[in-house]
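Have a look at the structure below, then the notes.
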Amino acid sequence: MGPRTRILDAAMLVFRRHGFRRSSIEQAAEAAGLTRQALYHHFKSKEALFRAVIERLHEDALAAEIAAAAAAEKQDGSLADILVASVSAKLGQLAASLDGSPHVEELFSEHLLQARDLYQKYTTAYAEQLAATIVRVCRKQGLVLNAGMTPRDLARCVEMAVNGTKSAYPAMQPADAFLKDLEIMLRTLVAGAVRPASRSRAATPKPAKGAAPRSISRKPGDRR
């Protein structure tokens with residue numbers, strides 16, 4: 001284990017235990033078995049250390065999302081199965097990183113204050129990964145999106161479903177209940193968003209070229 005990894009592991013423990021505002025570089029250095037000056041060689045401030053922790057959390061969550069989607073596809077899961085697996089893995093990874101901390105809400109709040117650019121960067125990365133999964137699975141399974149919806153539109157709707165479920169579960173806790181309700185939301189969303197490509201609306205058959213027009217029956221007394 002390199003010194004940077006050891007520092008980030010130690011910092012994560014410190015932030016979980018004390019929150020952001022009550023944590024210090026000295027606490028992180030002690031937890032990592034380093035002097036304060038040795039830690040400053042890698043990170044110039046507590047804010048820089050916190051940003052590095054947040055970035056690693058997002059990288060781990062993105063990796064979990066990709067791996068879960070691949071595993072669900074390998075098992076021939078439906079589009080709903082695959083999206084539920086990938087989104088649940090991502091959020092489960094994030095939730096597990098802070099599980100048991102009494103400072104979850106503060107850490108999420110500081111995440112937006114100290115690393116909003118990282119939040120936006122990874123929000124975009126998650127959306128692009130989700131849209132790519134939708135394109136790949138729809139092509140493989142012969143599915144099309146309804147009502148002119150694009151893969152990016154559906155990915156955005158998935159993100160809105162996540163945010164809507166979060167409103168009922170601040171900081172995604174308790175994680176099990178949050179993920180269960182999110183799964184219901186996602187499966188309902190996918191059910192209304194896609195259909196098999198072979199299914200088409202019934203259309204009135206057109207008469208063959210050169211065929212005589214169909215006669216219209218008339219009642220006695222009707223004017224021609």
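In this structure, is V14 modelled with pLDDT of 95 or more and open to solvent by less than 40 Å² (accessible area, probe 1.4 Å)? It is true that V14 is modelled with pLDDT of 95 or more and open to solvent by less than 40 Å² (accessible area, probe 1.4 Å). For the range 149-160, enumerate the residues that are surrounded by 19 or more Cβ atoms within 10 Å (Cβ to Cβ) and either out of contact with any strand residue (DSSP E or B) (no Cβ under 9 Å at 6 or more places or on another chain) or not in a helix (DSSP H, G or I) (or both). A155, V158, listed by residue number. Condition first: within 23 Å of V14 (Cα to Cα) and open to solvent by less than 70 Å² (accessible area, probe 1.4 Å). Can you find one or more residues in the range 59-67 that meet it? The answer is yes; a qualifying residue exists. Pairs linking a residue in the range 132-145 that is of a type outside the set (A, V, I, L, M, F, W, C) to a residue that is in a helix (DSSP H, G or I) and modelled with pLDDT under 95, with Cβ atoms under 6 Å and 6 or more positions apart or on different chains, do not occur. Contact map, the range 44-69: first residue at negative phi and in contact (Cβ under 8 Å) with a residue 12 or more places away in the chain, second residue among the charged types (D, E, K, R) and assigned to a helix (DSSP H, G or I), Cβ cut-off under 6 Å, separation 6 or more or different chains; pairs are A61/K90; A64/K90; E65/K90.
Residue check: C138 meets all listed conditions (1) in a helix (DSSP H, G or I); (2) open to solvent by 60 Å² or more (accessible area, probe 1.4 Å) but one, namely (2).
Here L113, L118, L94 are screened, and the one residue that is crowded, with 16+ Cβ neighbours inside 10 Å, of a type outside the set (F, W, Y) and out of contact with any Asp or Glu (no Cβ under 6 Å at 6 or more places or on another chain) is L94.
Which residue is farthest from V158 (Cα to Cα), if the candidates are limited to the range 63-117 and must be modelled with pLDDT of 95 or more and in contact with a Lys or Arg (Cβ under 7 Å, 6 or more places away or on another chain)? Going through the qualifying residues, I end up with A64. A single member of A48, A70, A28 is in a helix (DSSP H, G or I), open to solvent by less than 10 Å² (accessible area, probe 1.4 Å) and over 18 Å from P170 (Cα atoms), and it is A28. Entry remark, the range 73-87: residues being open to solvent by 30 Å² or more (accessible area, probe 1.4 Å), under 20 Å from P151 (Cα atoms) and polar (S, T, N, Q) number 1 in total. Note on the range 72-128: residues that are of a type in the set (V, I, T), farther than 26 Å from P196 by Cβ and more than 11 Å from the chain's Cα centre (by Cα) total 1.
The values are calculated or read from the model by the stated rules, or taken from the named source; none is laboratory data. Just so it is clear, the structure is predicted and the values come from calculations on it, not from any experiment. Every residue, glycine as well, gets a Cβ built from its backbone with ideal geometry; the counts of neighbours run over all protein chains shown. The protein model used for the area step is the full one, side chains on, heavy atoms only, and it has no ligands, DNA or RNA in it. Shrake-Rupley method; radii C 1.70, N 1.55, O 1.52, S 1.80 Å.
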